[in-house]
Every structure is written in structure tokens, then in C-alpha cells.
Amino acid sequence: MADGGKTADELGAYVCFADEAGQALSPPRGRTWARRGARPQVKVHVRRRGRVNVLGAACFRPGGGRARFVYRLLTWRGRKGERKSFGLREYRVFLTALHQQLRAPVVLVWDNINVHKTPELTEWMERQEWLRVFHLPRYAPELNAVEGVWSLLKRSIVNFLLAGLDELEALVRSRLKQIQYRPDAIIGCLTETGLTFAPP
């Protein structure tokens, strides 16, 4: 993180690790309890189509300070013509809101998948004086601190029992709000990557 940390320090910026995640109505599986010898089963009828997508950023100041987590939701209901995932407009809105909430320049660190490197998005990002972008190597999610936030989210919603997307959206929003109030947990997500802002 030498280059990103140096750039952030010079700009007085936050280093923000960003990525997307999604959750359908089929819950992540986790341990639960039941009577000895009896497998717990609960039947529920839900719509199979639909998904709650999250675009989020775990943000850190190299000089110290409270770690932050900022996110935006996009719920896909499976309707004809409805956007299924984040696109150029959503990225621009999210990054602009991120800058406004942090009230500081942003050094963005995210993976280099094609949607993050489209000419339109790249051109827009290059025009923003408050934004610097660094791309992680391909297939290196272990270097992205926000992956730890997604892990916290998944562990907090295992075995949920919901009947619709509105309930799922409310659950995801509630769990992410709880994470926002745990800066120690967000810092732990950075620690797990093995990255540091300090020079070697």
C-alpha cells in the first residue's frame, strides 16, 4: 500500500477499498440447533427471482482516525427491463456521495474487472480532482478490505427466514448499519488483508 498510502497522505485523503456483493432470498447457511438426532427444517414459499446488491467502501485515513463504511443498495426484482447490477450512473452517484460524506479526497482501491475500467467510467474518474484510483491485481480478493465487511454481513444473516425482497432489503440495511457503528471491526477487515499504510 506504499503508493496508495503516500498519495492519500499527500492529499489528506481517505483510502477506500470498494467492491460489490449481493444476496438472494436463499440464505447463507450456518450452524443452528435442534433436538438430538433431528435435522431442523423450515419450509417457506418465496419468490426465487430477485436480489439485493450492495456497493460499498471501507475507508481508512493513513494518519489515523475513525474507520468508515459507506454503502448503496440496488434491489433487482426480476422485472423486465430492470437493471440487474450496478452501472456507470450508480458508480458515479456512489463515488460522489462517498466524497461528500467523507468531506475529503478519495483514493479508491478496487479490482480491475471490466465494468470498473470502461472508457466512460475511467474518463469520468480522471476528471474528478478529488479522486485517485488504484486497481488491485486480478483474482486477489484477499487484498480488498471490504471483502471482510461482506464476510461480517453474511455471518450476521445466516439461516434467515424471509418471504420477500422488501424484508431482505431491510435486513441487509440493518446489518450494514450495525457494521457502520463498529469502526474496530472495519479496521479488523484491513488487518486481515496484511496491508499496512506504514512504510516497510
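Data overview
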item	result
Out of Glu126, Glu120, Glu192, sole residue that is more than 24 Å from Leu74 (Cα to Cα), touching a residue at least 12 places away in the same chain (Cβ under 8 Å) and surrounded by fewer than 16 Cβ atoms within 10 Å (Cβ to Cβ)	Glu192
Residue pairs meeting the criteria (Cβ under 9 Å; at least 6 apart or on separate chains; first in a helix (DSSP H, G or I) and surrounded by 18 or more Cβ atoms within 10 Å (Cβ to Cβ), in segment 84-98; second modelled with pLDDT under 95 and of a type in the set (Val, Ile, Thr))	Tyr91/Val115
Filter result for Gly148 (crowded, with 19+ Cβ neighbours inside 10 Å and at negative phi)	yes
Test: residue in segment 48-57 that is without any contact (Cβ under 8 Å) to a residue 24 or more places away in the chain and assigned to a strand (DSSP E or B)	no
In segment 157-168, residue nearest to Leu195 (Cα to Cα) [restricted to those that are touching a Ser or Thr at 6+ places or on another chain (Cβ under 9 Å) and crowded, with 17+ Cβ neighbours inside 10 Å]	Leu168
Criterion: closer than 27 Å to Pro28 by Cα, touching a helix residue (DSSP H, G or I) at 6+ places or on another chain (Cβ under 9 Å) and at pLDDT below 95 - qualifying residue of Phe197, Phe160	Phe160
Number of the condition not met by Asn112 [criteria: (1) assigned to a loop (DSSP other than H, G, I, E, B); (2) of a type outside the set (A, V, I, L, M); (3) in contact (Cβ under 8 Å) with a residue 40 or more places away in the chain]	(3)
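Yes/no per residue for (1) under 18 Å from Asp19 (Cβ atoms); (2) in contact with a Gly (Cβ under 6 Å, 6 or more places away or on another chain); (3) modelled with pLDDT under 95:
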| residue | (1), (2), (3) |
| --- | --- |
| Gly64 | no, no, yes |
| Lys84 | yes, no, yes |
| Pro105 | no, no, no |
| Asp111 | yes, no, yes |
| Lys117 | yes, no, yes |
| Glu129 | no, no, no |
| Ala145 | yes, no, no |
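The values are calculated or read from the model by the stated rules, or taken from the named source; none is laboratory data. It should be emphasised that the depicted structure is a prediction, and the values quoted were computed from it without experimental measurement. Don't worry about glycine lacking a Cβ; one is built from the backbone with ideal geometry, like all the others, and counts go over all protein chains shown.
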